[in-house]
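The values are calculated or read from the model by the stated rules, or taken from the named source; none is laboratory data. Here the structure is a predicted model, which means the values were calculated and not measured. Heads up, the Cβs are rebuilt from the backbone with ideal geometry, glycines too, and the neighbour counts pull from every protein chain shown. Side chains included, ligands, DNA and RNA excluded: accessible areas come from the protein's heavy atoms. Shrake-Rupley method; radii C 1.70, N 1.55, O 1.52, S 1.80 Å.
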Amino acid sequence: MLGTVVVGVGRAGRARIADLCDPAPCSPADKLILRGFVSRRSLEEQQSVKQISLEDALSREDVQVAIVSTENTSHEDLIRRFLEAGKHVCVEYPMALSYGVAMELWDLAEKKGKVLHEEHIELLTGDYKQLKKDLAGKSLQEGTLHFTGGPTQEGSGFPSFSGISRLTWLVDLFGELSVSEASLVQDGEKRSTKLTARLLTREQRPLTWIEERAPGLRRVKRISFRLDEGLVDELPAAPPGGPGLFMQDLWLFAQKLQGLVPAAQLQAERRRVLHCLELAERIQNLAQAPV
């Protein structure tokens, strides 16, 4: 059994606590036992689990695993501290707000012999899995992914990092990308932002990613992928049932802890994660460059 702490008790943190308290029998996650949770706030017990201090989580010998579910700007420091303390780490995306820092953290995890896992539940949704099947073997001519939603929370980072799950979709579907241009339009009073990034596939096919946020905007993904075999402009319906997204991610993390994930898969995941962070940084630099 691996003693586990959850750091941060927002929506994701509460989901993590619930999953750890009730893992599916005989699943990889039943090897994880929740020792406590960490929060800057003073909270009552969560699912009969007590709050502990960050210092206790770092120092206790019966804690081997940390799940970091805090705001994005705090990820780097927490990952570094838990790895230095000899703990395995699962962190909500993005693990860092720069490509260079992410490389440092992954190198530190390797040096310490610990698992560093970045959550990407957007790749586990039913509609995405079906979309990937539908596009398999087909050639992209051009495409657009347009996301809308409410304003991000404080500490989320630049939109290319806070919205990196959409960028991850595009990389996972179409392979490594390059950035040709990027722009950001924002209105502080209205709390609105619109990031537009122009991307190219290895075959020089154009992709546009739009990340648009403002109060009252409905959370929606709109796609338009023109392929050699026609147009895909609607997300497929997700099949009903199945385990929750955070539970699926917890199973994958637990499989890594138990050495059940092939080395080739681990390396491919690392390349994808780092490539997306590198793209996010490039988009930020271009969008913030003086005109």
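Of note:
- Residue match in region 183-195 (condition: touching a strand residue (DSSP E or B) at 6+ places or on another chain (Cβ under 6 Å), surrounded by 20 or more Cβ atoms within 10 Å (Cβ to Cβ) and in a strand (DSSP E or B)): yes
- Residue in region 193-202 that is among the charged types (D, E, K, R) and over 17 Å from S165 (Cα atoms) present: yes
- Looking only at region 78-124, and only at residues there that are over 17 Å from the mean Cα position of the chain (by Cα) and acidic (D, E), the one that is nearest to I17 (Cα to Cα): E84
- Region 57-67 - residue that is in contact (Cβ under 8 Å) with a residue 40 or more places away in the chain and open to solvent by 20 Å² or more (accessible area, probe 1.4 Å) and, of those, nearest to the chain's Cα centre (by Cα): Q64
- Count of residues meeting criterion [part of a loop (DSSP other than H, G, I, E, B) and either open to solvent by 40 Å² or more (accessible area, probe 1.4 Å) or at negative phi (or both)] in region 84-103: 9
Conditions tested, residue by residue: (1) crowded, with 22+ Cβ neighbours inside 10 Å; (2) touching a strand residue (DSSP E or B) at 6+ places or on another chain (Cβ under 7 Å); (3) touching a residue at least 40 places away in the same chain (Cβ under 8 Å).
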residue	(1), (2), (3)
G10	no, no, yes
A15	no, no, yes
C21	no, yes, no
P28	no, no, yes
K31	no, yes, yes
R40	no, no, no
Q47	no, no, no
E55	no, no, no
S69	yes, yes, yes
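- Residue ID - surrounded by the most Cβ atoms within 10 Å (Cβ to Cβ), chosen from residues in region 141-159 that are small (G, A, S) and under 13 Å from P215 (Cβ atoms): G149
- Pairs, first surrounded by 11 or more Cβ atoms within 10 Å (Cβ to Cβ) in region 208-232, second acidic (D, E) and in a loop (DSSP other than H, G, I, E, B), C-beta under 6 Å, six or more apart: S224/D233
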